[in-house]
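The values are calculated or read from the model by the stated rules, or taken from the named source; none is laboratory data. For clarity, every value in this text was computed on a predicted model and none was experimentally measured. Heads up, the Cβs are rebuilt from the backbone with ideal geometry, glycines too, and the neighbour counts pull from every protein chain shown. Calculation scope for accessible area: heavy atoms of the full protein, side chains included, ligands and nucleic acids excluded. Shrake-Rupley method; radii C 1.70, N 1.55, O 1.52, S 1.80 Å.
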Amino acid sequence: MRESGLRSFVARRLLLGVAQTVAVVLLVFALTEALPGDAAVALAGDQPDPARIAAIREAMDLDRPVHERLADWAFGLLHGDFGASLASGRPVARYIADGFGPSLLLAALTLALLVPLGFGLGVLAARHEGRLVDRLVSSVTLAVYAVPEFALGVLLVTVFALKLAWFPPTAVGYGTDLLAHPAALVLPVLVLLARPVCSLSRLVRAGMVDALAAPYTAHARRYGVPGARVRYAHALPNALAPAAQQLARTVDWLLCGVIVVEALFVIPGLGTVLLNAVAERDVPVVQGLAVVFGVLTVVLNLGADVVAYRLTPRAGVAA
């Protein structure tokens with residue numbers, strides 16, 4: 001019965017994911033079409049010649065009806081063809097592949113530290129609920145969470161890169177092989193780690209505190225179940241479902257939303273590729289990145305919903 005319910009839930013979520021992906025593709029195309037200005041004029045230079053503008057418009061297929069361009073673009077996406085850059089002529093897929101490596105490396109390192117730190121602080125605070133340790137963890141996480149990534153990054157660069165000279169201030173000169181230069185990764189990972197650790201630890205703490213106050217944990221204690229088993233076998237699983245969804249949102253943000261951090265530390269990831277494409281009005285690159293970001297969001301949230309359903313099947317009843 002439970003497996004049947006899981007299959008039904010996954011099927012509904014897959015259908016919803018397909019619909020969301022189609023909506024993302026349509027929305028991205030509509031928004032890029034609505035951008036002010038003319039890409040052909042921008043590419044023609046400071047003194048555009050009408051003949052040159054017309055040639056560029058023809059090369060970019062801007063003289064074709066919108067619905068035809070949408071159909072061709074969507075057909076290309078189905079075959080993994082994101083088009084070619086207007087600025088360089090390189091395939092958009094190559095831009096995405098080049099930027100995906102550094103972004104994925106930052107996300108993986110941040111996630112590898114986030115899980116033990118977030119769960120560890122949450123469990124520590126819940127175990128000492130209402131006492132000094134709990135108040136200290138809650139106060140520090142709340143204070144750190146209130147600091148924007150850009151401000152925290154500037155502070156860390158000023159102290160640890162410029163004043164103490166422990167780490168390089170940016171990744172300039174290291175290319176895309178950042179793993180060979182681990183010192184360049186320390187400050188960006190710290191900035192990326194700060195807020196997710198705070199939100200995850202508070203979420204885990206809240207889930208464990210609720211579970212430890214529930215009747216079934218009191219019943220387990222009356223039967224002589226050891227405290228550690230009550231905490232980790234009964235209370236901690238209560239926090240796993242919301243924590244899984246929070247982790248999915250964090251991974252989505254790490255891959256798709258770290259433009260500020262990549263710009264601050266000059267890391268050649270997807271955020272930097274997007275900034276450069278917007279500055280050059282390179283519409284195919286912007287469209288390709290937006291579709292990738294949208295699909296990643298849909299897939300990660302689908303995975304988080306399935307994990308949450310497995311941990312707490314009642315979560316899927318209302319879905």
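Descriptive notes on the structure:
- Extreme residue, most open to solvent (accessible area, probe 1.4 Å), among residues of the range 236-250 that are under 8 Å from G207 (Cβ atoms) and not hydrophobic (A, V, I, L, M, F, W, C): N238
- Subset of the range 115-152 that is surrounded by fewer than 18 Cβ atoms within 10 Å (Cβ to Cβ) and among the small types (G, A, S) - its residue that is nearest to G269 (Cα to Cα): A151
- Checking the range 53-71 against the condition returns a match, with at least one residue being of a type in the set (A, V, I, L, M, F, W, C), at pLDDT 75 or above and surrounded by 14 or more Cβ atoms within 10 Å (Cβ to Cβ).
- Odd one out for R205 among (1) under 30 Å from G101 (Cβ atoms); (2) crowded, with 20+ Cβ neighbours inside 10 Å; (3) modelled with pLDDT of 85 or more: (1)
- On the stretch given as the range 178-195, residues that are open to solvent by less than 10 Å² (accessible area, probe 1.4 Å) and either more than 18 Å from L155 (Cα to Cα) or out of contact with any helix residue (DSSP H, G or I) (no Cβ under 7 Å at 6 or more places or on another chain) (or both) total 1.
- Scanning the range 109-131 for residues that are among the aliphatic types (A, V, I, L, M) and either assigned to a loop (DSSP other than H, G, I, E, B) or in contact with a helix residue (DSSP H, G or I) (Cβ under 8 Å, 6 or more places away or on another chain) (or both) returns L109, L111, L113, L114, V115, L117, L121, V123, L124, A125, A126.
- For the residues L274, L270, L255, the requirement of being in contact with a Cys (Cβ under 9 Å, 6 or more places away or on another chain), modelled with pLDDT of 70 or more and of a type in the set (A, V, I, L, M, F, W, C) singles out L270.
- If the condition is being open to solvent by 30 Å² or more (accessible area, probe 1.4 Å), closer than 16 Å to V261 by Cβ and not aromatic (F, W, Y), then the range 153-167 contributes V154, L155, T158.
So that you can scan it fast, the table gives a plain yes or no per residue for (1) free of Cβ contacts under 8 Å to residues at least 40 places away in the same chain; (2) within 27 Å of A290 (Cβ to Cβ); (3) among the small types (G, A, S):
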| position | (1), (2), (3) |
| --- | --- |
| A97 | yes, yes, yes |
| L106 | no, yes, no |
| F119 | no, no, no |
| G122 | no, no, yes |
| H128 | yes, no, no |
| Y145 | no, no, no |
| T158 | yes, no, no |
| A165 | yes, no, yes |
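- Failed item, numbered, when G271 is tested on (1) surrounded by fewer than 20 Cβ atoms within 10 Å (Cβ to Cβ); (2) closer than 17 Å to L192 by Cβ; (3) not hydrophobic (A, V, I, L, M, F, W, C): (1)
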